[in-house]
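Report on one structure; see the data block that follows.
The values are calculated or read from the model by the stated rules, or taken from the named source; none is laboratory data. Because the structure is predicted, anything quoted here is derived from the model rather than measured. Heads up, the Cβs are rebuilt from the backbone with ideal geometry, glycines too, and the neighbour counts pull from every protein chain shown.
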Amino acid sequence: MAHEFGGIIGRDWRDSEPWWPPEPAAPAGAPNIVLVVLDDVGYAQLGCYGSDLHTPVLDQLAESGVRLANFHTTSLCSPTRACLLTGRNHHRSGMGRIADLAIGYPGYWGKPPRENGYLSEILRAAGYATYAVGKWHLSPEDETNMAASRATWPLARGFDRWYGFHGGETHQFVPALFHDNHSVRPPRSIEDGYHLSEDLASHAIEFLGDLRAVDADRPFFLYFATGACHSPHQPPARWLERYRGRFDLGWDAWRERVFERQLAMGLLPPSTALSRRPDWVPPWTSLDGQERAVAARFMECFAGFLSHADEQIGRILGFISELGESDLTIVLIVSDNGASAEGGAQGSINDIRMLNIDPASPEEMFARLDQIGGPLTHNNYPWGWTMAGNTPFRRWKREVHEGGVADPCIISWPGGQLQGGAIRHQFTHAIDVLPTLVELAGVEPPAQIENIEQAPLDGVSFAYLLPADGSAAAERHVTQYFEMFGSRAIYHRGWKAVTFHPIGPLYDDQNPNAPFDDDVWELYHVAQDLSETRDLAGEHPRMLNELTELWWHEARRNHVLPLDNRVLWALVHPKPDRRRPRERYRYFPGGAQVPESVAVNVRNRSHILIVDFVAREPGAADGVLLALGSALGGWSLHVLGGRLRYVHNLYGKERHVVESTEVIPAGEHRVEYEFTKDDGLGGTGMLRCDGREVGRAVIPRFTPSGFNGVGAGLTCGYEWGPAIGTGYTAPFPFAGTIRGAWVQTAGPVLRDPLAELEAILSEQ
């Protein structure tokens, strides 16, 4: 028993006294806590950090609360989230990189251990109601399906309820959603005006309302992690329209204006210089008219996406105000890393095309200008806007110069002793958030959680910075290491040593582009040169050597080793699949979607789709039989207009169609689609109905390396959406009865599809 019985047990109730085990109760006056995690929002992209983007809700929080001008993250999504929720360094939580790229070393397993308790676990044990809404990204990819263990999901790590999505990104109009421990479809359609940010805010409000309908006093912890502003940058049309023409001045001029505002606000030390535009980012003036139009549209999408998210955060805070609990609520806003450069030099209309080595040309992007930001694109802006979003810093997300690791952080508590409108310049880090919030809540971190001894926290509370005398307080977080994909840095008492290491190699037989020992370390006095523009390595070699040695000490202590800069290699060499190998998979109508990572692999290999079904009337059994993906890429076998049809959608670029001219009669049928791979990039597709060939066509290029990146998996009897093909609208459920559906593979799995694709392309 968890508690020794405190009553009396006699022979019967007459000589007995009942007793109940005590239940967790929060400390008297414990505040509510709202932790908002923005995604891929750079240091300079909120109005209160110098931007001209419309973020009035966050700006008002900064006006009434405290801005941290020297707050840091890990430079990537999952690792920072692990830091925020555990208060430990990311490698100590097995999150040395994003959960999708887990590799077989303790610092990189992608599963935070139980001895690193989550903030939600601490607060729930202290009497809080705990809710997670939005992006999770703290479960390995192979554990994000309905057949997987839920041991790393939110409800297993201290949250009472969850509504959101796994992985790094999802479609904003047709997201791959989960409610508690199961997969769910979006509650409304694109045509009905659905948008994920609004849905997440509505569920957060619903959760809080459900709590207050039953318990008027129990404090709550709401972890609200938006999809904004990770790609795809998909705002509602009304917000996209508000920004038309606003970025025609270009990234160079925009960046200079932001820098001036940052200095005027007092966010930066007066000695800070604006880092120069790197050589690989073209000056805005070098772009032609079409390139400028496309680049400006990309930024309009991002801006609308962020402003819309700000509006939804305002809805949640408005509901808390309606409850009369604003003064009782701590609100802490952070971003998980610097602005993203994943859109490439020119921007991207579908990020999965990068993985398939077929990015859209400038001409194609201009031709599809009006689609950018809508449901048919997976858009991400070009490097110029990334650079501007990280003003005044160098580099960006995934790297450990300040552009990757310096981020906004705002904390507001109207009923607390915070100095409204204050800016603090002491060094802080994502691991400091947990100890800060538990201190403000009056909660002591437990020595054990569910009988598991807890590891020491790495973070240092920054509660001391929040009162009026916080500006003059001595800095308490004095040392912090950084590492991401081989790029490394160490901060120590106002100084920072940092080295950039490029991503690679891709294949086992390649040598690394450079040994790690050959990396050149830089040295900056960031207390005065926060933007890392004056390298002092040559002037202070002894200090540089001491800092690099300190980095190695911290690396060994925090499970950082071995250094590994392989990204794409990890994608094509995932951890071993413990499922029994098979060539025939069965799927069931109406079931949850099966993520692409664990679905049958048909990418550019011979395979057969087989479906047995019943059509009750001739030509009346329209709908999807089997499908994988969305309008951004995938394939669909369906009946349209009574005729069997197969559509291969090549990552939104083009569609290849095989269709029958015959109407399927009433009765029981077996239909098949057989793809026979050729020696190049494609093959031949053939349709059969009851053993007879009814259609054939060449598919010149079959998807080699990934169908879509927004979480739309394999489905039976419907599509996830937006529709893979044309002429119908997802989910397009099958009108007949599916008796059985199978996928049978033939030919070798492409263990390294990128290598094969590159080899074929090099021969053409």
Looking only at region 692-733, and only at residues there that are buried (at least 20 other Cβ atoms within 10 Å of the Cβ), more than 20 Å from ASP612 (Cα to Cα) and β-branched (Val, Ile, Thr), the one that is farthest from the chain's Cα centre (by Cα): ILE699
Cβ-Cβ under 7 Å pairs, at least 6 apart or on other chains, region 469-498 side in contact (Cβ under 8 Å) with a residue 12 or more places away in the chain and more than 29 Å from ILE103 (Cβ to Cβ), far side part of a loop (DSSP other than H, G, I, E, B) and of a type in the set (Gly, Ala, Ser): GLY494/ALA527
Residue within region 618-634 that is charged (D, E, K, R), farther than 22 Å from THR676 by Cα and either surrounded by 14 or more Cβ atoms within 10 Å (Cβ to Cβ) or not assigned by TED's automatic domain parsing to the domain that holds HIS378 (or both) present: yes
Scope region 427-468; condition free of Cβ contacts under 8 Å to residues at least 24 places away in the same chain and either assigned to a helix (DSSP H, G or I) or in contact with a Ser or Thr (Cβ under 9 Å, 6 or more places away or on another chain) (or both); matching residues: TYR464
Any chance GLY591 is assigned to a strand (DSSP E or B), assigned by TED's automatic domain parsing to the domain that holds GLY682 and within 30 Å of the chain's Cα centre (by Cα): no
Region 602-661, subset acidic (Asp, Glu) and either in contact with a helix residue (DSSP H, G or I) (Cβ under 8 Å, 6 or more places away or on another chain) or in a loop (DSSP other than H, G, I, E, B) (or both), residue modelled with the highest pLDDT: ASP622
Failed condition for LEU571, given (1) modelled with pLDDT under 95; (2) outside any helix (DSSP H, G or I): (2)
Flag if ASP690 is without any contact (Cβ under 8 Å) to a residue 24 or more places away in the chain and either in the same structural domain as ILE357 (by TED's automatic domain parsing) or in contact with a strand residue (DSSP E or B) (Cβ under 7 Å, 6 or more places away or on another chain) (or both): yes
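Let's see how each residue does on (1) of a type in the set (S, T, N, Q); (2) without any contact (Cβ under 8 Å) to a residue 12 or more places away in the chain; (3) not in a loop (DSSP other than H, G, I, E, B):
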| position | (1), (2), (3) |
| --- | --- |
| ALA25 | no, no, no |
| ILE33 | no, no, yes |
| LEU61 | no, no, yes |
| ARG67 | no, no, yes |
| THR74 | yes, no, no |
| SER78 | yes, no, yes |
| ARG88 | no, no, no |
| ASP100 | no, no, yes |
| LEU123 | no, no, yes |
Count of residues meeting criterion [crowded, with 23+ Cβ neighbours inside 10 Å and farther than 30 Å from TRP413 by Cβ] in region 331-355: 9
Residue, farthest from GLU402 (Cα to Cα), within region 230-272, restricted to residues that are surrounded by fewer than 22 Cβ atoms within 10 Å (Cβ to Cβ) and touching a Phe, Trp or Tyr at 6+ places or on another chain (Cβ under 6 Å): GLY250
Boolean, GLY245 is in a loop (DSSP other than H, G, I, E, B), modelled with pLDDT of 95 or more, out of contact with any Pro (no Cβ under 9 Å at 6 or more places or on another chain) and small (Gly, Ala, Ser): yes
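So that you can scan it fast, the table gives a plain yes or no per residue for (1) among the acidic types (Asp, Glu); (2) in a loop (DSSP other than H, G, I, E, B):
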| residue | (1), (2) |
| --- | --- |
| LEU332 | no, no |
| ASN337 | no, yes |
| ALA341 | no, yes |
| GLY344 | no, yes |
| PRO359 | no, yes |
| GLU364 | yes, no |
| ASP370 | yes, no |
| GLY373 | no, yes |
Looking only at region 651-676, and only at residues there that are among the hydrophobic types (A, V, I, L, M, F, W, C) and touching a Phe, Trp or Tyr at 6+ places or on another chain (Cβ under 8 Å), the one that is farthest from GLY727 (Cα to Cα): PHE675
PHE178 vs. criteria under 18 Å from the mean Cα position of the chain (by Cα) and surrounded by fewer than 23 Cβ atoms within 10 Å (Cβ to Cβ): yes
Residue within region 110-117 that is in the same structural domain as ARG218 (by TED's automatic domain parsing), in a strand (DSSP E or B) and in contact (Cβ under 8 Å) with a residue 24 or more places away in the chain present: no
For GLU483: the one exception among (1) closer than 30 Å to LEU571 by Cβ; (2) in contact with a strand residue (DSSP E or B) (Cβ under 6 Å, 6 or more places away or on another chain); (3) in a strand (DSSP E or B): (2)
